[in-house]
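Structure first, commentary second.
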Amino acid sequence: MNRETEARTRPIGMFDSGVGGLSVLGEAVRQLPHEDFIYYGDNGHAPYGTKPPETVRKLAFDVIERLLVQNVKAVVIACNTATAEAAKELREHYSIPIIGMEPALKPAAEMEGDGLRLVLATPGTLSSEKYARLYARFGQNAVSLPCPGLMDFVEAGDRGSPALRDYLKCLLSPYLDRQVTAVVLGCTHYPFIRSLIASYFPLSTRIVDGNAGTVRQLGRVLAQRGLLNPTGEGSVALQTSGDSHTLNLMRRMFEEAKAIR
Ligand code: DGL
């Protein structure tokens, strides 16, 4: 195998604080079926979204080191919080391509409609400087809604318990008699409860996430660097800093993620 082929056939690393980034992985295997992926869920240290930025940064560096020893050719930060708090430092430190995510406020702002854009994300994402810059450009009709604890429902496999419904009702009720053009799922855990969130709004309200755009960006970056694998069989390896029970949950949620559209 020559050096270029070797570089193209290396796996892509992807990580999140837990199972949320599996929603990105589900999209990635659809768009890039010839690639090998190593997904790392940092469940042992979740959640990221309510931790101080410097803690999240350290955790993100630790995870990337774990992926690099497995010879990855690129890393996708399948986590809005870790992107907001660590992507800049990670890119300064490592030379491999690092693809991040941000709440899809730009596409939501560009949609037709005068209604509100509700951005649901972690406290960490919404209080970051990166989000402040995004909001300054595209936040005219936007309301940012921090959702501490919402990811815990998703991690627990909850898709609609009374407690989860109460959480969402309390969060969303101030906006239910307003016109809402779009709800931005600004945390990769939330696509798993997309239909539940959508059920609070009329059908005309669009529910948007950044997953497809992130994977398109990954494809573009790999193509630019001559790193796309055009002929591989495609594979997925799931890894976690959590326990063996977590690994079973991840397997189930990856299957669920492949069905989310
Ligand atoms: N899934 C992560 C995100 O996109 C964060 C969840 C958390 O760890 O708080 O922000």
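List of remarks:
- Here is the tail figure for region 36-132: Cα pairs spaced more than 15 Å apart come to 63 percent of all pairs.
- Normalised per residue, the accessible area of the chain is 45 Å², obtained with a 1.4 Å probe and no contribution from ligands, DNA or RNA.
- Computed from the Kirkwood radius of its Cα pairs, the Stokes-Einstein diffusion coefficient for region 1-72 at 37 °C and 0.692 mPa s stands at 245 µm²/s.
- Note on Asp166 and Ala7: the model spin-label points, each 7 Å out from Cα along the C-beta direction, lie 5.6 nm apart.
- Rounded, prolate or oblate (a/c below 1.5 giving rounded, otherwise prolate when a/b exceeds b/c) for region 119-190 by Cα gyration tensor: oblate
- The eigenvalues of the Cα gyration tensor, multiplied by 5 and square-rooted, give the chain an equivalent ellipsoid with semi-axes of 30, 19, 18 Å from largest to smallest.
- Helical contribution to [θ] at 222 nm, DSSP H n ≥ 4, -39,500 (n - 2.57), averaged over the chain, rounded to 500: -13000 deg cm²/dmol
- Sites matching GluC sites (Glu not before Pro) across region 63-152 that sit in DSSP coil, with at most 16 neighbouring C-beta atoms within 10 Å: Glu112
- Spin-label pair Asp158/Ser244, simplified geometry with 7 Å Cα→Cβ offset, distance in nm: 2.8
- Per-atom-type breakdown for the chain gives carbon and sulfur 51% of the accessible area (1.4 Å probe, protein chains only).
- The modelled label-to-label distance between Tyr94 and Met111, using points 7 Å beyond Cα along the C-beta direction, is 3.3 nm.
- When each of Lys169/Lys258; Lys58/Lys106; Lys88/Lys130 is checked by Cα-Cα distance, pairs over 21 Å: Lys169/Lys258; Lys58/Lys106
- Note on Leu68/Arg137: beta-carbon distance plugged into 1/(1 + (r/R0)^6) with R0 of 35 Å gives a FRET efficiency of 0.60.
- Radius, Kirkwood style, for region 152-261 when every pair of distinct Cα atoms is counted (Å): 16.7
- Degrees separating the helix 162-172 axis from the principal Cα axis of the chain, which is the longest one: 70
The values are calculated or read from the model by the stated rules, or taken from the named source; none is laboratory data. These figures come from a predicted structure and were not determined experimentally. Cβ coordinates were reconstructed from backbone atoms using ideal geometry, including for glycine residues, and neighbour counts include every protein chain displayed. Heavy atoms of the whole protein, side chains included, go into the accessibility calculation; ligands, DNA and RNA do not. Shrake-Rupley method; radii C 1.70, N 1.55, O 1.52, S 1.80 Å.
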